Amino acid sequence: MTEKNKGSLVSKDTGKAYASGDGKAFAKRKDPHRGRNLTLTVITSALFIALMVWYQKNAYDHSYAISIIERSAIYAVGAVAMNLLTGFTGLFSLGQAGFMAIGAYVTGVLTIPVTARQSVYYMNGIAPWLEKLHLPMVPAMILGGLAAAGFAALIGIPVLRLKSDYLAIATLGFAEIIRALLAAPMMDTITNGSYGINNIPGYKNMFQPLLIAAVCILVMLLLINSSYGRAFKAIRDDEVAAEAMGINLFRHKELSFVISSFFTGISGGMLACYMRSIDTKTFQVTLTYNVLLIVVLGGIGSVTGSIIGSFLINGGQEWLRFLDEPHAIGAFQIPLFRPGFRMVIYSLLLMIVVLFWRSGIMGNREFSWNLLFQRRRKKKAEGGET
Amino acid sequence: MSLATFVQHLLTGISLGGAYALIAIGYTMVYGILRLINFAHGDIFMMSGYFMIFAIASLPWFIAVPIALIGTVILGILIEKTAYKPLRSAPRMSVMISAIGVAYLLENLATYLFTAIPMAYPEIPGLKRIFTFGEITTSLVTILTPVLTIILTIVLLQLINRTKIGMAMRAVSKDTEAARLMGIKVDSTISMTFLIGSLLAGIGALLYFTDRMTVYPYSGALPGLKCFVAAVLGGIGSIPGAVIGGFIIGICETFIVAFGYSTFSDAFTFMLLIIILLVRPTGLFGEAAADKV
C-alpha cells in the first residue's frame, strides 16, 4: 500500500525546490526577482494591515466582515496544524475536534471572570479549587494547548502504531471519548456538563486573534523548514527509507502529533474566545470534517494553501448565504432557494474539488510571488498560441 | 437487576445488535474489497429511512418496502460509481476524503430536503405487535430482527462461498490485479458488493427505525461509526465476525444505558475499538494481514 499512498502525497519539492520557495534552496540559488518580491510582500502586507486598521476603526459598520476574518484566522491555525500532521508527516488523524475541545474548555473555564462564575455554574456549582482560578486569555490558551498536547502524547503512544485508515478511525474515536468525558456528570463542577460554559470574554479587537494566529502559523512554518520538518517529510514519503536513514520513526511521529495537537488546542481556545459560549456539541465530528475540507481545498502539504483555504471556505459560506433566502422572478417563486440549499451547494463544490481537482489550490507547493508570475506567464503563452 | 429486567434488556440489546450487524456487513464487505472505510454507509442507512417514509405515504407497505430497498441500493451504487470509481488508482487518503465528502453531502442534502426536524417513521402493520411472556413484554420487531439477521447472514455466506459472483468477490478482495487478469469484471464485482451492502443497510434501517420511530439527517452518522467498530471488532473482511461484533456492541450498549451511564455508551464503543486495535488488530475472526497495522 505504501507505493499507492505516495501518489499525490509525494512532494516534488526535490526537483522544484526553487519554485516551492523552500527556505534553504532560496539561500543557495540567487533569486533574480528578489527585489521585486520583497517590494510586493511589503506592499501587500501594508495594504492588508491598512485594511484591517480601517475595519477596526469602523468596527461597528463592519462587524460581520470582522467576524468572518476572525473565524478564518482561527480555522487557519487548526488547518495548518492538521496539515502538519496529514500533509507533512503523512499521518491521517481525525481527532481535531477532540483536541480543539480540550483547548477550548481549558481556555474557557480559566478566562470566565470570577464574578460571573456563579451565574455560569448555577446548575451544578463550581469546584472550590477552580472558583478563584483565573488567567488572562493568552496564558489560558497556551495552557489549553499544553493540555491538548499532553493528552496527545498519552494517546499517541498506542495510537501511532496504527496506519492510515485505522489511525484515522482510532483518533476519531478518541475525539468522541473526549467529548463524552467533557459532558460526563462527574465533570459537572468543572465543565458544567451538558449545559456548556458561557460568559467567556471575547477579543478586544480583531488584531488579537490575527496576531495569535500569525505567531502560531509562523512557529509551525519554522518547524516544517527545520531538520525536524525534513524528517517528517521523509517519513511521509517512505517510512522504511526514513528509518534506514536513521530517523526514529516513533519519536518523530509522536513529536509531530504532539505539536499538531498543541496548536489544535490553541485554535480551540481561540474558537472559545470567538464564540464566547461553548458546549460539547460544538466539537462534533463535523468540526473535524470542516477543518479537513479546508486542508483538502488548500492542498494537502501546503501551509499557505491551508490559510487561503480557510479564508475561502469561511468567506464562501457567507457569500453563498443568498442561496438560503427565497428568490423570485416576478411573481414566480424559484422553488430551490430555501434554508439548507447553501450547504448542499457547498458540499457539492467540495466533492467536485475532491474528485476533479485533487491537488487543491496549491497542491504541495507554497505560495510565492515567483509562482504567481510564472503561472501568469504560462497562461499568457498558452493564450498566445491559440 | 432482576432476571426479568435482565432478559428484557438482553432482548433489546440483541435486537439493536441485529440492526448493527446488518450495517456492519456492508462496512466489512466494502473494506474487504476496496480497503476503504465507507463513511457514507451510515448515511445511506439514514436515507433509506427517509425513502421508507415517503414510499409508505402513498403506497401499501408490501409495495413500499421493496421500493425503499431498491432506492437504497440505487443510492449505494450511484455513490460508488460517482465518488469512488474515479479514484480507484488514487491514494487511499483521497478515497477516504471522498467518502467523508459524500457523508457530508448526504447529511446536508437530507437537511435541505427533509429539514432537520425528526420525522416520524411509519409503522408497518404487525411489526409493533406486543407479546407478553410473564413479566417480559416485547414486540414482534425485537424478536424478528435477530432472526432475520441470522437468516440473511446464512444466505449471504452461501452466496459468497457457493456462487460464481461470490467467488469473484473473494478473488477481488484477495488481489484485485490478479483477479482482473483472470478475467473477472472487477468493476461490476465491486458494484455487486455495494448492492449487497446497501440492501442489508436498507433492511437494517427498516428494523432499526421501526424500533426508534424517528428519522433525522444525522441519525445515520453515529450508528454508522459504531457499525464500523463492530466490523473491526469481528475482524474486517469477515462476515460472521461483523455479525458477532454487531451483536456484542448492541448488547453492551444497551446494558451500559440500562446501568445509567448513557453518556458513556458512545465512548465505550470507541474504547472497545482502540483496545481491539491494540490487542488484536485482526479482530476476533479476521485473517492476519501484514498491511493492516
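Odds and ends about this structure:
- Looking only at residues of the stretch A:181-197 that are surrounded by fewer than 18 Cβ atoms within 10 Å (Cβ to Cβ) and touching an Asp or Glu at 6+ places or on another chain (Cβ under 9 Å), we find that the one that is farthest from the other protein chains (Cβ to nearest Cβ) is A:Tyr195.
- Any pair with Cβ under 9 angstrom, 6 or more apart, that starts in the stretch A:132-152 at a residue that is under 28 Å from A:Glu254 (Cα atoms) and ends at one that is among the acidic types (Asp, Glu) and in a helix (DSSP H, G or I): A:Ala152/A:Glu254
- Pairing each residue of the stretch A:195-213 that is modelled with pLDDT of 90 or more with any residue that is buried (at least 17 other Cβ atoms within 10 Å of the Cβ), provided the two are 6+ apart or on different chains, yields C-beta distances under 6 Å for A:Pro209/A:Glu70; A:Pro209/A:Ala73; A:Pro209/A:Tyr203; A:Pro209/A:Met270; A:Leu210/A:Ala73; A:Ala213/A:Ala73; A:Ala213/A:Ala76; A:Ala213/A:Val77.
- Pairs are defined by a Cβ separation below 8 Å, a sequence spacing of at least 6 or placement on different chains, a first member in the stretch B:276-293 that is more than 7 Å from chain A (Cβ to nearest Cβ) and within 15 Å of A:Pro158 (Cβ to Cβ), and a second member that is modelled with pLDDT of 80 or more and assigned to a helix (DSSP H, G or I); the pairs so defined are B:Ile276/B:Val232; B:Ile276/B:Leu233; B:Pro281/A:Tyr166.
- Condition broken by A:Phe151, with the remaining ones in (1) assigned to a helix (DSSP H, G or I); (2) over 23 Å from B:Leu225 (Cβ atoms); (3) away from chain B (no Cβ under 11 Å) satisfied: (2)
- Qualifying residue in the stretch A:173-184 (condition: charged (D, E, K, R), part of a helix (DSSP H, G or I) and either modelled with pLDDT of 85 or more or over 23 Å from B:Leu222 (Cβ atoms) (or both)): yes
- Cβ-Cβ contacts under 6 Å between residues 6 or more apart (or on different chains), taken from a first residue in the stretch A:159-175 that is over 15 Å from B:Ile236 (Cβ atoms) to a second residue that is of a type in the set (Gly, Ala, Ser), are listed as A:Val159/A:Ala170; A:Thr171/A:Ser93; A:Thr171/A:Gly95; A:Phe174/A:Gly95; A:Phe174/A:Gly98; A:Ala175/A:Gly95; A:Ala175/A:Ala97; A:Ala175/A:Gly98.
- Test for B:Ala178: is it free of Cβ contacts under 8 Å to residues at least 12 places away in the same chain, surrounded by fewer than 20 Cβ atoms within 10 Å (Cβ to Cβ) and more than 13 Å from every other protein chain (Cβ to nearest Cβ): yes
- When the stretch A:104-161 is limited to residues that are among the polar types (S, T, N, Q) and within 30 Å of the chain's Cα centre (by Cα), the one that is nearest to A:Leu94 (Cα to Cα) turns out to be A:Thr107.
- Residues in the stretch B:171-230 that are within 16 Å of the chain's Cα centre (by Cα), acidic (Asp, Glu) and not in a helix (DSSP H, G or I): none.
- Failed criterion for A:Asp237 (all others in (1) more than 30 Å from A:Tyr274 (Cβ to Cβ); (2) more than 14 Å from chain B (Cβ to nearest Cβ) hold): (2)
- Count - residues of the stretch B:68-82 that are over 15 Å from B:Gly204 (Cα atoms), among the aliphatic types (A, V, I, L, M) and out of contact with any Phe, Trp or Tyr (no Cβ under 6 Å at 6 or more places or on another chain): 4
- Reported count of residues in the stretch B:158-215, each being small (Gly, Ala, Ser) and more than 16 Å from B:Val30 (Cα to Cα), is 5.
- Residue check for B:Gly237: in contact (Cβ under 8 Å) with a residue 40 or more places away in the chain and part of a helix (DSSP H, G or I): no
- You will find that of A:Thr282, A:Thr286, the residue that is within 14 Å of chain B (Cβ to nearest Cβ) and under 23 Å from A:Ala180 (Cα atoms) is A:Thr286 and no other.
- Any hit, the stretch A:266-278, residues being of a type in the set (Phe, Trp, Tyr), within 27 Å of A:Arg179 (Cβ to Cβ) and under 11 Å from the mean Cα position of the chain (by Cα): no
- Residue identified as crowded, with 22+ Cβ neighbours inside 10 Å, of a type outside the set (Lys, Arg) and assigned to a helix (DSSP H, G or I) among B:Leu113, B:Leu10, B:Leu69, B:Leu78: B:Leu69
The values are calculated or read from the model by the stated rules, or taken from the named source; none is laboratory data. Quantities reported herein were computed from a predicted structural model and do not represent experimental measurements. So basically every Cβ, Gly included, is an ideal-geometry build from the backbone, and we count neighbours across all protein chains shown.
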